[in-house]
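Colleague: I'd like to ask some things about the structure below.
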Amino acid sequence: METHLVTLASGGNLKAFEELVSRYQRAVFSIALYKSRNYFDAEDLTQDVFLAAFRALGTLKTPESFGAWLFGIAYNRCHKWYRRERTKVLKFQEVRDRVAREERLRVRATQGGGAAPAVAPGSAAAGESHVSEALLRLPQEVRETLRLKYLEGLSYQEIEERLGINAHRIDYLIRKGKQMLRERLGRRGDLGMP
Amino acid sequence: MKDASLGSSVDSSALGSAGGFDCAAARAVLHAFLERELDPIRVRLLQEHLEACAACRDDEEDLKLERILVLEASVSAPRLSDSFTGKVLAKVEKAVRLAERSRRRRRLLRLGGMAAALLIAAGAVLWSVARREHAGRPPLAAAPAGASTVVEGNPPAAHPPAAAPGAPESALEAVPSAPRVRPPPPVAPRRGDPLPAYEIRARRTPAPVTFASFGEVLGMFERLDAEGIDPRAWQPERARPDDPCRPDPNRDGKMDPSDVAYSCQVLLSSPPPCSLEAAEAGSEPKTDCDEHCLRA
């Protein structure tokens, strides 16, 4: 059970933490990728998030809400990274290195390497297709609420201010959206829900 | 308030007889709880209910899993490499090792600091004991030969570089080596008498010097302070040629706190300039602080 794993990990048990990492890594990676739109940066960010989480595990008061807490760290880290990167001045050598790295990745992807991302990071396509097709097909209000909640990491109150709908409606839309996603993807076998 | 508005959606009739949640009420707020959008009172009630109800705990696990999967499905993320978990764990292990090392270093530093404080305290106690023990001894000018001061040039008759027979010669650098004659009986210095120019010879093992030298050092610092000169930036070459006070007692080319430390060391190993009784009677200077350098 997750709560038990969290309690063990906060006592320094690395095996338990490994379980948590393997459970949450894709979700955290999704947040990082949505924010950074770059495979390598997202990978680095994900590692940083887990490291920060391990260091701060002792401060987590309710182990039951580990997931929301971890995603909170991910949102904060990604937001900070985004703000820093937006104002960063890239040296010419760095740009060349990045292009070379992406080229290598693209070659690896065409050769069918297992770990290579399906979409080459940094490319225009990567920037546009970071939100999944399943999410894009949801009704606009539901999609926007889910995006703000799970990808931007906003609280109900912040979504309320942003969209002008009350907290009960937001809660309802999120539940509805999750259900719709579950139905659509479950039918295709993409979502392995119990 | 977001929490309050969501929390109020739970009808009070859903609360159990003891004021806790029943399963229906728990499921109504479970989603908000996992999103950390529930108020603290209801969080506590829900936690109590979850501890007791296995079915709601299963629901909670399902919702957690659902949230992870929804997040994964919201972004068309490429597959992470198989070694990713290992990479994260390696980073975490390294951080744990570093934290342990820095914790050990901090502990060592703390212990070192405590040991240094103890040493300083012990030194202070020893110094005060030594002062009391030497309180009855004769003053500086009447000190027995073998004292570490030597006289440059022609010293006044009242302060000869006396070396008593049998005194350890290694403590002195005899300049010049004059034929040994019986020294005249020492005369206690009087106020206003010109003081001899003492010199502290730098050696590997500090030779014992006098209180007078220590006073000169203190006077030196006081005057540097009065003139607004930073002692750390002071250079011996900048000393006035007519300066009667010692610029650099340990002769390391700098005027710094190590000079004070050196002087403290020699102070501890040297006899006092006069007896306390004589000082209180007013016939002799009280302490080294009456040195002319301080008065200057």
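Values quoted throughout were computed directly from the atomic coordinates according to the rules given, and no laboratory measurement underlies them. Source: prediction; values computed, not measured. FYI the Cβ positions are ideal-geometry reconstructions off the backbone, even for glycines, and counts take in every protein chain you see.
Colleague: Under 5 Å between amide H atoms, partner at least 5 residues away or on a different chain: which partners does B:Val75 have, H built in plane at 1.01 Å?
Modeller: Sorted by chain and number, the residues that satisfy this are A:Ser132.
Colleague: On average, how many beta carbons from a partner chain sit within 10 Å of the beta carbon of a residue in B:32-39?
Modeller: Taking the mean over all residues of the peptide, I get 5.
Colleague: In terms of the Cα gyration tensor, with a ≥ b ≥ c the square roots of its eigenvalues, is region B:85-136 rounded because a/c is under 1.5, prolate because a/b exceeds b/c, or oblate?
Modeller: Judged from the Cα gyration tensor, region B:85-136 comes out prolate (a/c at least 1.5, a/b above b/c).
Colleague: Okay, moving on. Relative to the present Cα-Cα distance, how much length would full extension add between A:His168 and A:Ala56 at 0.36 nm per residue of separation?
Modeller: Extending this stretch completely gives an extra 37.2 nm.
Colleague: Using the 10 angstrom Cβ neighbour count as an exposure proxy, how do B:Ser263, B:Ser128 rank, fewest first?
Modeller: Ranking B:Ser263, B:Ser128 by Cβ neighbours within 10 Å, fewest first, gives B:Ser128, B:Ser263.
Colleague: Also, quick follow-up: What's the long-distance tail for region B:10-136, i.e. % of Cα pairs beyond 19 Å?
Modeller: More than 19 Å apart: 73 percent of the Cα pairs in region B:10-136.
Colleague: Enter the per residue convex hull volume of region B:44-114, computed from alpha-carbon coordinates, in Å³ rounded to the nearest integer.
Modeller: Expressed per residue, the convex hull around the Cα atoms of region B:44-114 is 200 Å³.
Colleague: With a 10 Å Cβ neighbour count serving as the proxy for reagent exposure, in which order, fewest first, do A:Lys149, B:Lys87, A:Lys35, A:Lys178 appear?
Modeller: Listed from fewest to most nearby Cβ atoms, that is B:Lys87, A:Lys178, A:Lys35, A:Lys149.
Colleague: Can you return the lysines within cross-link range of A:Lys149? Criterion is Cα-Cα under 19 Å, with same-chain partners fewer than 8 residues away left out.
Modeller: List returned: A:Lys35, A:Lys80, A:Lys176, A:Lys178, B:Lys2, B:Lys64.
Colleague: Rounded, prolate or oblate: which one fits region A:1-114, using the alpha carbon gyration tensor with axes a ≥ b ≥ c (rounded when a/c is under 1.5, else prolate when a/b beats b/c, else oblate)?
Modeller: It comes out prolate by the Cα gyration axes.
Colleague: Averaged across the residues of B:56-67, what count of C-beta atoms belonging to other chains lies within 10 Å of each residue's C-beta?
Modeller: Whole-number average of other-chain Cβ neighbours for B:56-67 is 4.
Colleague: Right, something else. Whose amide H sits under 5 Å from the amide H of B:Phe21, counting only residues 5 or more places off or on another chain, with H placed in the peptide plane?
Modeller: When sequence neighbours closer than 5 places are left aside, the close amide H contacts are B:Gly16, B:His49.
Colleague: Cα gyration tensor of region A:131-189, axes a ≥ b ≥ c as square roots of the eigenvalues: rounded (a/c below 1.5), prolate (a/b > b/c) or oblate?
Modeller: prolate
Colleague: Reachable lysines from B:Lys91, Cα under 20 Å, same-chain residues fewer than 8 places away excluded?
Modeller: A:Lys15
Colleague: Tell me, what ³J(HN,Hα) does each residue in region A:72-86 have, in order and in whole Hz, if you take phi through Karplus 6.51 cos²θ - 1.76 cosθ + 1.60 with θ = phi - 60° and put x for Gly and Pro?
Modeller: 3J(HN,Hα) across region A:72-86, in whole Hz: x, 4, 4, 4, 4, 4, 5, 5, 4, 4, 4, 5, 5, 5, 5.
Colleague: Residue by residue through A:15-22, how many Cβ atoms from other chains fall within 10 Å of the Cβ on average?
Modeller: For peptide A:15-22, the averaged partner shielding equals 3.
Colleague: Give a residue-ordered list of calculated ³J(HN,Hα) values for region B:101-107 (Karplus: 6.51 cos²θ - 1.76 cosθ + 1.60, θ = phi - 60°; whole Hz; x for Gly, Pro).
Modeller: Each residue of region B:101-107 in turn: 5, 5, 5, 5, 5, 4, 5 Hz.
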